[in-house]
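Worksheet: one structure, shown below.
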Amino acid sequence: MSQINQTYWESRYKHHKIGWDIGYISTPLKTYIDQLKDTSLKILIPGAGNSYEAEYLWNKGFKNVHILDFAQQPLDNFKARVIDFPKSQLINTNFFDLKFGDLNNQYDIIFEQTFFCALHPSLRTSYVNQVHKLLKPKGKLVGLFFNFNLTKEGPPFGGSKAEYISRFKTKFNLKILEPSINSIKERQGKELFFIFENA
């Protein structure tokens, strides 16, 4: 676990060992974003990587998007692609160090895309608690979880529907948690799409 730190992620980007990066927004998240009408929503994408989701949102008029990553390189990559994106909305820090402040500083939506599975399983309870704090009341955690046996070696680390229900049900209303029907070819049958509402 101690090896999965900032240096680890910087090295992965430096050596182009970023197999999770598909080079474009994933279909399930694109489909969800396409039905959003309120472009003023405050959105956070943690563990964002090169964040094609944020780029898609920005180009659709969502200007209150914030992207966070432990590694600086993907944030630099994003800024090079999306030149007019505010530097103040690029957050280079540990997700667990992010402060939520008052209601105005909390988020309406947090998107989950290959971040949860990259965390060591020992951090999953902390993840649930942190997302709960960062979201406004009735705010939504939306995204994809991997649906394969939890592995000792990773990242990625797997998980199951039963585990996700057990972990999140105390802090969230689980609106949707179902097999993703429009995953990219490489992940078909391996993903669960979910919408969890902050309790």
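Values computed for the structure shown
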{"item": "Count of residues meeting criterion [exposed (fewer than 15 other Cβ atoms within 10 Å of the Cβ) and either among the small types (Gly, Ala, Ser) or touching a Leu at 6+ places or on another chain (Cβ under 6 Å) (or both)] in the range 21-57", "result": "2"}
{"item": "Which listed residue is assigned to a helix (DSSP H, G or I), in contact with a helix residue (DSSP H, G or I) (Cβ under 8 Å, 6 or more places away or on another chain) and modelled with pLDDT under 95, from GLU10, GLU55", "result": "GLU10"}
{"item": "Test for LYS60: is it of a type outside the set (A, V, I, L, M), modelled with pLDDT of 95 or more, over 19 Å from HIS132 (Cα atoms) and loosely packed, with under 15 Cβ neighbours inside 10 Å", "result": "yes"}
{"item": "Count - residues of the range 79-98 that are modelled with pLDDT of 95 or more and aromatic (Phe, Trp, Tyr)", "result": "1"}
{"item": "Residues being more than 20 Å from LEU192 (Cβ to Cβ), of a type in the set (Phe, Trp, Tyr) and modelled with pLDDT under 60 - total across the range 13-52", "result": "1"}
{"item": "The listed residue being in contact (Cβ under 8 Å) with a residue 60 or more places away in the chain and within 19 Å of GLY139 (Cα to Cα), out of ILE67, ILE33, ILE43", "result": "ILE43"}
{"item": "Tally of residues being at pLDDT 90 or above and among the small types (Gly, Ala, Ser) across the range 115-126", "result": "2"}
{"item": "Residue that is nearest to LEU36 (Cα to Cα) [pool: residues in the range 127-158 that are in contact with a helix residue (DSSP H, G or I) (Cβ under 7 Å, 6 or more places away or on another chain) and at pLDDT below 80]", "result": "PRO156"}
{"item": "Residue check for ALA48: more than 18 Å from LYS136 (Cβ to Cβ) and part of a helix (DSSP H, G or I)", "result": "no"}
{"item": "Filter pass, ASN92 being over 24 Å from LEU174 (Cβ atoms) and buried (at least 18 other Cβ atoms within 10 Å of the Cβ)", "result": "no"}
{"item": "Scope the range 159-199; condition at pLDDT below 80, in a helix (DSSP H, G or I) and surrounded by fewer than 16 Cβ atoms within 10 Å (Cβ to Cβ); matching residues", "result": "LYS185, GLU186"}
{"item": "Filtered residue count, the range 99-114, keeping only those that are in a loop (DSSP other than H, G, I, E, B), at pLDDT 90 or above and closer than 14 Å to GLY47 by Cα", "result": "0"}
{"item": "Yes/no for GLN73 being surrounded by fewer than 20 Cβ atoms within 10 Å (Cβ to Cβ) and within 18 Å of LEU141 (Cα to Cα)", "result": "no"}
{"item": "Matching entry among LEU134, LEU119, LEU141 (being crowded, with 17+ Cβ neighbours inside 10 Å, farther than 19 Å from GLY158 by Cα and not hydroxyl-bearing (Ser, Thr, Tyr))", "result": "LEU134"}
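Residues checked against (1) over 13 Å from the mean Cα position of the chain (by Cα); (2) of a type outside the set (D, E, K, R):
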position: ASP38; (1), (2): yes, no
position: VAL65; (1), (2): no, yes
position: ALA71; (1), (2): yes, yes
position: PRO74; (1), (2): yes, yes
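The values are calculated or read from the model by the stated rules, or taken from the named source; none is laboratory data. Model, not experiment: these values are computed from the prediction. Quick reminder, even Gly has a Cβ in these numbers, built from the backbone with ideal geometry, and neighbours come from all protein chains shown.
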